[in-house]
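One structure is given here, and the rest of the page talks about it.
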């Protein structure tokens with residue numbers, strides 16, 4: 001979250017206040033939703049490997065990304081990618 005707040009030249013607290021006011025969701029939740037949406041898009045339409053997508057999304061390893069992805073979708077990234 002600090003990365004995005006820094007890019008916007010605001011504090012993390014103010015960023016959270018704004019996202020709560022505008023979107024009725026916390027800044028960390030909004031960021032997670034966006035990361036998940038982009039990961040799903042890449043898994044479905046790109047020819048990149050899951051490993052490449054993991055690093056593109058800012059995760060340091062497959063395990064942490066798989067836990068994150070599974071907690072939101074109830075499936076692994078590979079299972080999601082292979083779905084029709």
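The values are calculated or read from the model by the stated rules, or taken from the named source; none is laboratory data. The structure displayed is predicted, hence computed values, not measured ones. So basically every Cβ, Gly included, is an ideal-geometry build from the backbone, and we count neighbours across all protein chains shown.
Only residues that are farther than 19 Å from residue 3 by Cα and either loosely packed, with under 13 Cβ neighbours inside 10 Å or at pLDDT 95 or above (or both): list them for the stretch 53-63, please.
Taking the stretch 53-63 first, the residues farther than 19 Å from residue 3 by Cα are 53, 61-63.
If the condition is that a residue be farther than 19 Å from residue 3 by Cα and either loosely packed, with under 13 Cβ neighbours inside 10 Å or at pLDDT 95 or above (or both), then 61, 63 are the ones that fit.
Among the residues of the stretch 19-36, is there at least one that is in contact with a helix residue (DSSP H, G or I) (Cβ under 7 Å, 6 or more places away or on another chain), surrounded by 17 or more Cβ atoms within 10 Å (Cβ to Cβ), closer than 21 Å to residue 2 by Cβ and without any contact (Cβ under 8 Å) to a residue 24 or more places away in the chain?
yes
How about the stretch 61-84: which of its residues are over 27 Å from residue 14 (Cα atoms), out of contact with any helix residue (DSSP H, G or I) (no Cβ under 7 Å at 6 or more places or on another chain) and not in a loop (DSSP other than H, G, I, E, B)?
Passing the criteria: 63, 64, 67, 70, 71, 79, 82.
Could you tell me which numbered condition residue 50 fails, if it satisfies all but one of (1) modelled with pLDDT under 95; (2) more than 14 Å from residue 80 (Cβ to Cβ)?
Single failed check for residue 50: (2).
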